[in-house]
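The values are calculated or read from the model by the stated rules, or taken from the named source; none is laboratory data. A quick note: this is a predicted structure, and the numbers were derived from the prediction, not measured. A quick note on method: Cβ atoms are made from the backbone with ideal geometry, for glycine too, and the neighbour counts reach across all protein chains shown.
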Amino acid sequence: MAKKKETASKQEEPVINIVDRRSALLEEDELDQANEHEERLPSYVEKLKKEAEEKDQKLKDYIAAYKEKTAEDDGFRKRLEKDNDVRLDQFKANLFSRLVPILDNLNRAIQAANTNRDFDGLNKGVEMVSKQFSRELKNNNVEIVDTKDRKFDPKTDEVFLTEETDDPEMDNMIVQELEPGYIFKDKLIKAAKVKVAHLKT
């Protein structure tokens, strides 16, 4: 009887099975995070792609604008150069039209001297040409450098000869003009060649 009771009690004891689901839950969390990352990844890539396309388009716009501006500048520069060339040609034509009559007068004086052996006439003809040329220079705002009764000025004069002097007041004074100098609108065309006095030492 005792054995039967012991057997019955063993049969009545409940069976408890313990299952550790922590690893499964952890795997599910990691899987969910991975899935969430995979879901976010395409949108992030799309964002980067969109930003790259926008920057690429901006760069293309900048390049196009630069090329357009460069083309405009080149066109303006070419037009300006052409206008300057036209004005320069007009100036040259105007200048030569005034110089040619002077050359004609000089040639006539030389021809007359050779034909008639009239050297006095040649001298007068050359003087006339010189006056005519000087008049044209004056009419075009070309002035002769004034070297009379003044000291040497390196801005307008060139020392060609020197002489010694005992007078301190004559030191560095122009004593003779050897060749005239010319100025056009405050711009030196040709320096005057002069003889300058220097105080003896």
(request) Scan the stretch 69-92 and give yes if some residue there is modelled with pLDDT of 80 or more, among the aromatic types (Phe, Trp, Tyr) and within 30 Å of residue 132 (Cβ to Cβ), otherwise no. (result) yes
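Would you check if there is a residue in the stretch 56-79 being surrounded by 12 or more Cβ atoms within 10 Å (Cβ to Cβ) and free of Cβ contacts under 8 Å to residues at least 60 places away in the same chain?
No - not one qualifying residue is present in the stretch 56-79.
Residue 106 - would you say it is among the aliphatic types (A, V, I, L, M), under 30 Å from residue 137 (Cβ atoms) and touching a residue at least 12 places away in the same chain (Cβ under 8 Å)?
yes
Criterion first (out of contact with any strand residue (DSSP E or B) (no Cβ under 7 Å at 6 or more places or on another chain), under 14 Å from residue 106 (Cα atoms) and free of Cβ contacts under 8 Å to residues at least 12 places away in the same chain) does residue 131 satisfy it?
Taking the combined requirement at face value, the residue satisfies it.
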Check your understanding: For the stretch 143-155, does any single residue satisfy the condition of being surrounded by 12 or more Cβ atoms within 10 Å (Cβ to Cβ) and modelled with pLDDT under 85?
Key -> no
